[in-house]
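Beneath this line is the structure, given in structure tokens, with notes to follow.
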Amino acid sequence: MNNTLGIIIAISLFALWNLDLISTLLNLKALQPKLPTEFKGIFTEDKFAESQHYTRVNSKFDVIQTTFSLGITLIFWFTGGFGYLDQWARGLGYGEIITGLVFMGILFVGQTLIGIPFQLYSTFIIEEKFGFNKTTSKTFIVDQIKGLILMVLIGAPILSLILWIFNSIDNAWLWAWISFTVLQLLLTYLAPTYILPLFNKFEPMAEGELKSAINELAKKCDFPLTEICVMNGSKRSTKSNAFFTGFGKNKKIALYDTLIENHTTEGLVGILAHEIGHFKCKHIIQRMVVGILQSAVLFFLIGIATDKDGAFSRLLFDAFYVEKISVYAGLIFFFMLFSPINKILSIFSNMSSRKHEFEADAYAANAQESPEHLIGSLKQLSADNLVNLTPHPFPVFMEYSHPPMLTRIEALRKIKFETK
């Protein structure tokens, strides 16, 4: 290691890995043999034991995966891999943009190839063992191919634009941020119509009790709902979920078919009331604004990290054994440098997210004039997805974007909801 910055980055990455390991070990230690009273009648003793076993297996798997990933990264870095790859890419004789796409493309493909065995094991061994997996080998392969095609058709042009801006325009960070924000909003708008259907089927919900109840809820909450869809989530997993898509006056609801199968009408309406709560409490707008502002800061810092005449960028490239400063390599190095900082920032974003979840729960309880329907669904979701019911407070503080289920239920029971 030839400079102080490189040592700081390496130590930070190891510290980040160590922090995750401590969090995982504390979570495993917090597993308790006794089923919480709140979940009796939903979890059997065997089901509870299975959920704890599922947590242990996934935790150990995550430790192995992150350790392997960090090891490969450090080996590639310390043996001069970034420098050799940069020299090879430049040797092809193309301009900065094509060279950058080649450099970053090879790193992406390498990372993907390393990750595939872990995806296979997680999907076809762990998820299969616990009865979740419905993905066939054909579906897995097709998903990988579709994902790669999307990266080429969408990711490559966006990356090319960012590289061109930083190599050609004054105040590049500002224009790159504006361009990225516009494209991000555009993709968010287009994804439900053109991207998500590439991976799953979305069919209009049939007329009946559930659809009527959802429409009644939307009307009661003054929520502009234009479409209710059912997604074939069972194509890949027995796990269940629901989500909203759409901007402005055109809101769409998508429910996994597995969710509909396992919940009562009142429970499903409770889940959707929670999601409506996020919109009515303006959580979506708040998160979007914060994300846009954060990306502005990131692009400003990227400008510093890729400045060809800057002292900091020179130190950064020396730390990774790369001779010539470039935007494309600078992007990779910056995000490696930023990952420990991002871990700290994520603590605050998770705190905000957990607060939003409590607020959305409260909105749902008031919308249904009772917390019991949502509580019932939360319990059922916990059982269906083998949720860890007794997580340690430290990983909750560090990593959880949602409060633990038991905490949410306890908070719901304390709500003084507004009766009509």
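The values are calculated or read from the model by the stated rules, or taken from the named source; none is laboratory data. None of these values were measured; they are calculated from a predicted model. Cβ placement follows ideal geometry from the backbone for every residue including glycine, while neighbour counts extend to all protein chains displayed.
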All but one of (1) in contact with a Ser or Thr (Cβ under 8 Å, 6 or more places away or on another chain); (2) part of a helix (DSSP H, G or I); (3) of a type in the set (Lys, Arg) hold for Arg314; state the number of the condition that does not hold. (1)
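Suppose we filter Thr135, Thr79 for residues that are modelled with pLDDT under 95 and out of contact with any Ser or Thr (no Cβ under 9 Å at 6 or more places or on another chain); which single one remains?
Values: Thr135 fails: out of contact with any Ser or Thr (no Cβ under 9 Å at 6 or more places or on another chain).
Going through Thr135, Thr79 in turn, the sole match is Thr79.
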Within the range 118-146, the residues that are loosely packed, with under 14 Cβ neighbours inside 10 Å and under 21 Å from the mean Cα position of the chain (by Cα) are Leu120, Gln144, Ile145, Lys146
Against the conditions (1) at pLDDT 85 or above; (2) under 25 Å from Tyr363 (Cα atoms); (3) surrounded by 11 or more Cβ atoms within 10 Å (Cβ to Cβ), where does Pro224 fall short? Just the number, please. (1)
When the range 192-232 is examined, which residues are found to be among the aromatic types (Phe, Trp, Tyr) and either at positive phi or in contact with an Asp or Glu (Cβ under 7 Å, 6 or more places away or on another chain) (or both)? Phe199
Check on Thr112, in contact with a Ser or Thr (Cβ under 6 Å, 6 or more places away or on another chain) and surrounded by 13 or more Cβ atoms within 10 Å (Cβ to Cβ): no
Would you mention how many residues in the range 263-310 are in a helix (DSSP H, G or I) and within 25 Å of His356 (Cβ to Cβ)? 31
Kindly indicate whether any position in the range 401-414 is free of Cβ contacts under 8 Å to residues at least 24 places away in the same chain, part of a loop (DSSP other than H, G, I, E, B) and buried (at least 17 other Cβ atoms within 10 Å of the Cβ). yes
Determine, yes or no, whether Ser160 is of a type in the set (Ser, Thr, Tyr) and loosely packed, with under 14 Cβ neighbours inside 10 Å. no
Working carefully through the options Ile114, Ile106, find the one that is of a type in the set (A, V, I, L, M, F, W, C), touching a helix residue (DSSP H, G or I) at 6+ places or on another chain (Cβ under 7 Å) and touching a residue at least 24 places away in the same chain (Cβ under 8 Å). Ile114
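Quick check on Tyr189: is it among the aromatic types (Phe, Trp, Tyr), exposed (fewer than 14 other Cβ atoms within 10 Å of the Cβ), in a helix (DSSP H, G or I) and at negative phi?
Values: among the aromatic types (Phe, Trp, Tyr): yes; exposed (fewer than 14 other Cβ atoms within 10 Å of the Cβ): no; in a helix (DSSP H, G or I): yes; at negative phi: yes.
No.
Listed here are the residues, each with its yes/no results for (1) in a loop (DSSP other than H, G, I, E, B); (2) under 21 Å from the mean Cα position of the chain (by Cα); (3) of a type in the set (A, V, I, L, M); (4) over 26 Å from Glu127 (Cβ atoms).
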| residue | (1), (2), (3), (4) |
| --- | --- |
| Trp164 | no, no, no, yes |
| Phe180 | no, yes, no, yes |
| Gln184 | no, yes, no, yes |
| Asn200 | yes, yes, no, no |
| Ala206 | yes, no, yes, yes |
| Ala218 | no, no, yes, yes |
| Thr226 | no, no, no, yes |
| Ser240 | yes, yes, no, no |
| Ala254 | no, yes, yes, no |
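State yes or no: is His356 touching a residue at least 24 places away in the same chain (Cβ under 8 Å) and over 30 Å from Leu25 (Cβ atoms)? Give the derivation first.
On the way: touching a residue at least 24 places away in the same chain (Cβ under 8 Å): yes; over 30 Å from Leu25 (Cβ atoms): no.
No: the conditions fail for His356.
Taking the range 319-344 as the region of interest, how many residues are surrounded by 15 or more Cβ atoms within 10 Å (Cβ to Cβ) and in a helix (DSSP H, G or I)? Before you say what the answer is, go through the steps one by one.
First, the residues of the range 319-344 that are surrounded by 15 or more Cβ atoms within 10 Å (Cβ to Cβ): 319-322, 325-334, 336-338, 340, 343.
Filter once more, so that each one left must be in a helix (DSSP H, G or I): 319, 327-334, 336-338, 340, 343.
Within the range 319-344, residues that are surrounded by 15 or more Cβ atoms within 10 Å (Cβ to Cβ) and in a helix (DSSP H, G or I) number 14.
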